[in-house]
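Here it is: the structure, laid out below.
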Amino acid sequence: MHKAGPKRGFVVAIDGPAGAGKSTLARGLAEALGLSYLNTGAMYRTLAAEALRRGIAPADAGGLAALARSLRFSMDEGTPPSLLVDGRPPGEDLATAEVESVVSPVARHPEVRDVLRSEQRRLGAQGAVVEGRDIGTVVFPDADLKVFLVANPDERAARRQAERRSRDPALAEALERRDALDARTNPLVPAPDARVVDTTGREPDEVLSEVVALARAAREASGGG
């Protein structure tokens, strides 16, 4: 694991609950601004999937933290540059029900979060759009722009169904359970200086246009970093 350093580039923090549209917005914003795109949720999911493969229990905080330290996180050379884990992009296996069932218990350990937050800070410090659950409050409290997405629960569940190509009516309930577990790990509230954007009933391009304008104004105010 590398040591995290100070923020050097322009950073946008995108926070919000599952299904609010973080990934769609963050990737589009990174492309529009010419920045790297860091999906921090994929880091926790990769850790959860690897723990399942190795038989490390979700309650084993020390074992999970050691496993997290052993993973090599980097960015590729794509457009936008995106996450690699041990030299490979996160796979579709991260979207399985098995991983979904353990990612919150895995992520709740402070030891695990300390390791991954340090890596997130390192990966995004040179300039990035970083999405997750505690980016603007913990990972990048000094972000140049903080955006907190919200959407009503039914719409968030529908988006998750579309993402997973699932018609399982129990998904909405599972999403609520995950939100409750995650909220106990770190309360899901916007940073005091975050811009709250409601994506309910809005097309992704409309939301992207709004946030691109916010980001360009913030970049100009910061001196174009």
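The values are calculated or read from the model by the stated rules, or taken from the named source; none is laboratory data. Keep in mind the model is a prediction, meaning the values are calculated, not measured. Glycine gets a Cβ as well: all are built from the backbone with ideal geometry, and neighbour counts include every protein chain shown.
Here is a yes/no grid of residues against (1) of a type outside the set (S, T, N, Q); (2) modelled with pLDDT of 95 or more:
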position: VAL103; (1), (2): yes, no
position: ALA107; (1), (2): yes, no
position: ASP114; (1), (2): yes, yes
position: SER118; (1), (2): no, yes
position: ASP144; (1), (2): yes, yes
position: PRO153; (1), (2): yes, no
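Starting from residues that are surrounded by fewer than 22 Cβ atoms within 10 Å (Cβ to Cβ) and farther than 15 Å from GLU119 by Cβ, keep the ones in segment 7-17 and report whichever is modelled with the highest pLDDT.
The qualifying residue modelled with the highest pLDDT is GLY9.
On to the next question. Looking at the structure I just gave you, is ARG178 touching a helix residue (DSSP H, G or I) at 6+ places or on another chain (Cβ under 7 Å), assigned to a loop (DSSP other than H, G, I, E, B), at pLDDT below 90 and within 24 Å of THR96 (Cβ to Cβ)?
Criteria not met by ARG178.
Any chance you could count how many residues in segment 35-62 are out of contact with any strand residue (DSSP E or B) (no Cβ under 7 Å at 6 or more places or on another chain) and in contact (Cβ under 8 Å) with a residue 24 or more places away in the chain?
Residues in segment 35-62 being out of contact with any strand residue (DSSP E or B) (no Cβ under 7 Å at 6 or more places or on another chain) and in contact (Cβ under 8 Å) with a residue 24 or more places away in the chain: 11 in total.
Can I ask one more? What about GLY41, is it buried (at least 17 other Cβ atoms within 10 Å of the Cβ), touching a Leu at 6+ places or on another chain (Cβ under 6 Å) and under 30 Å from ASP154 (Cα atoms)?
When the stated conditions are applied, GLY41 does not pass them.
Let me ask you something else. Criterion first (in a helix (DSSP H, G or I), modelled with pLDDT of 95 or more, under 14 Å from VAL207 (Cβ atoms) and within 11 Å of the chain's Cα centre (by Cα)) does ALA26 satisfy it?
yes
Then there is this: Looking at segment 74-104, which of the residues that are outside any loop (DSSP other than H, G, I, E, B) and among the hydroxyl-bearing types (Ser, Thr, Tyr) is surrounded by the most Cβ atoms within 10 Å (Cβ to Cβ)?
If we take residues in segment 74-104 being outside any loop (DSSP other than H, G, I, E, B) and among the hydroxyl-bearing types (Ser, Thr, Tyr), then SER104 is surrounded by the most Cβ atoms within 10 Å (Cβ to Cβ).
Now for a separate question. Working only within segment 105-133, note down all residues that are in contact with a strand residue (DSSP E or B) (Cβ under 7 Å, 6 or more places away or on another chain) and either in a loop (DSSP other than H, G, I, E, B) or of a type outside the set (Asp, Glu) (or both).
Scanning segment 105-133 gives GLN120, LEU123, GLY124, GLY127, ALA128, VAL129, VAL130, GLY132, ARG133.
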